[in-house]
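Below is one structure, written out as structure tokens, with a few remarks after it.
The values are calculated or read from the model by the stated rules, or taken from the named source; none is laboratory data. Keep in mind that what you see is a predicted model, and the values were worked out from it rather than measured. As a convention, Cβ positions derive from the backbone with ideal geometry for all residues, glycine included, and neighbour counts pool all protein chains shown.
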Amino acid sequence: MIVNTSAIVLKSFSYGESSLIARCFSEKNGKVSLIIKGAKKNKSPKAPYFQPLSYVDIIYNHKLNRDLQVLSKVNFRQYWSKILDDLYKVSLAISILELTDKTMSDNDPHPSLFLILKEVLKAFNNTLIDPKILFWFYECALLNNLGFQPNLDDPKLPGLVLPNIKNDSNCVVALSTLLSGNINQLQKIKVSKETSSLISHYLWNLIDYHFEGLSSIKSFKVVKKLLS
């Protein structure tokens, strides 16, 4: 089946002497792994399309019995290059891509989450919204869209001790805004250093509880320090 979809590049790496493998979050099919044959050859223009943070249109032949789908065509839509000018934004944005890669199953469509990821990266690039608030917003969207919506009224989960958010009314208000899914409301969020640390630990504990193997990933360790 020929698939024509927009996609955001999450990660890419070399395969053999001349090819690349790229993992992309596509609007139609969710996470897909593509092989881009001959991408590293001098005459091929395809390699630059598959840098992380690239927003592209891809056409590929989807076969159910393949782990790697063969790319046919690619075109640029956008590259959020201004993110690269700020090390703090780069660290958070790359961690968002890796978080998406590690938590999503292959070929499991989540078009709403795709649109939120696109809006978050666009906001990193173009707005003055605090980057850590954008990161929290995406964590909330990920939990919501993958079936683990936090319950602020009853935060208890078996085997998990969460930070006590009920003693900080500003924390509860901020989390409610983040969980609303409306990126246009984020500029209203103002938090103290203590509240910021509480939100970061609360969301990370939920992410780590619902998705195995994230604690050992180096980029997440860096982000946890940045947000604390």
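Do we have any residue at all in region 116-130 that's out of contact with any Gly (no Cβ under 9 Å at 6 or more places or on another chain), at pLDDT 90 or above, over 23 Å from L179 (Cβ atoms) and surrounded by 17 or more Cβ atoms within 10 Å (Cβ to Cβ)?
yes
Please enumerate the residues belonging to region 10-46 that are at pLDDT 95 or above and farther than 24 Å from K102 by Cα.
none
Take the residues in region 211-228 that are in contact (Cβ under 8 Å) with a residue 60 or more places away in the chain and part of a loop (DSSP other than H, G, I, E, B); name whichever of them is nearest to N151 (Cα to Cα).
F211
Regarding V56, is this residue touching a helix residue (DSSP H, G or I) at 6+ places or on another chain (Cβ under 7 Å), hydrophobic (A, V, I, L, M, F, W, C) and farther than 27 Å from F220 by Cβ?
No.
Does L175 count as in the same structural domain as I96 (by TED's automatic domain parsing), more than 30 Å from Q78 (Cα to Cα), at pLDDT 95 or above and in contact with a helix residue (DSSP H, G or I) (Cβ under 8 Å, 6 or more places away or on another chain)?
yes
Within region 181-210, can you find the residues that are surrounded by fewer than 17 Cβ atoms within 10 Å (Cβ to Cβ), assigned to a loop (DSSP other than H, G, I, E, B) and on the phi < 0 side of the Ramachandran plot?
Those that are surrounded by fewer than 17 Cβ atoms within 10 Å (Cβ to Cβ), assigned to a loop (DSSP other than H, G, I, E, B) and on the phi < 0 side of the Ramachandran plot: N182, K190, S192.
Taking the condition of being in contact with a Leu (Cβ under 9 Å, 6 or more places away or on another chain) and of a type in the set (S, T, N, Q), how many residues in region 126-142 meet it?
The total comes to 1.
Residue check, Q149 against (1) free of Cβ contacts under 8 Å to residues at least 24 places away in the same chain; (2) exposed (fewer than 15 other Cβ atoms within 10 Å of the Cβ), all met but one. Which one?
Every condition holds for Q149 apart from (1).
Limited to region 76-109, what total is found for residues that are surrounded by 14 or more Cβ atoms within 10 Å (Cβ to Cβ), more than 12 Å from the chain's Cα centre (by Cα) and in a loop (DSSP other than H, G, I, E, B)?
4
I'm checking my understanding of the structure. Among residues of region 164-180 that are farther than 23 Å from G147 by Cα and assigned to a helix (DSSP H, G or I), which one is nearest to the chain's Cα centre (by Cα)?
N170
Look through region 142-159, keep the residues that are among the hydrophobic types (A, V, I, L, M, F, W, C) and within 24 Å of the chain's Cα centre (by Cα), and return whichever of them is farthest from Y202 (Cα to Cα).
Out of the qualifying residues, it is L146.
Yes/no matrix, rows are residues, columns are (1) touching a residue at least 60 places away in the same chain (Cβ under 8 Å); (2) surrounded by 16 or more Cβ atoms within 10 Å (Cβ to Cβ); (3) of a type outside the set (K, R):
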residue	(1), (2), (3)
E17	no, no, yes
F25	yes, yes, yes
K31	yes, yes, no
I36	no, yes, yes
A39	no, yes, yes
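How many of the residues in region 94-115 are modelled with pLDDT under 95 and among the small types (G, A, S)?
Count: 2.
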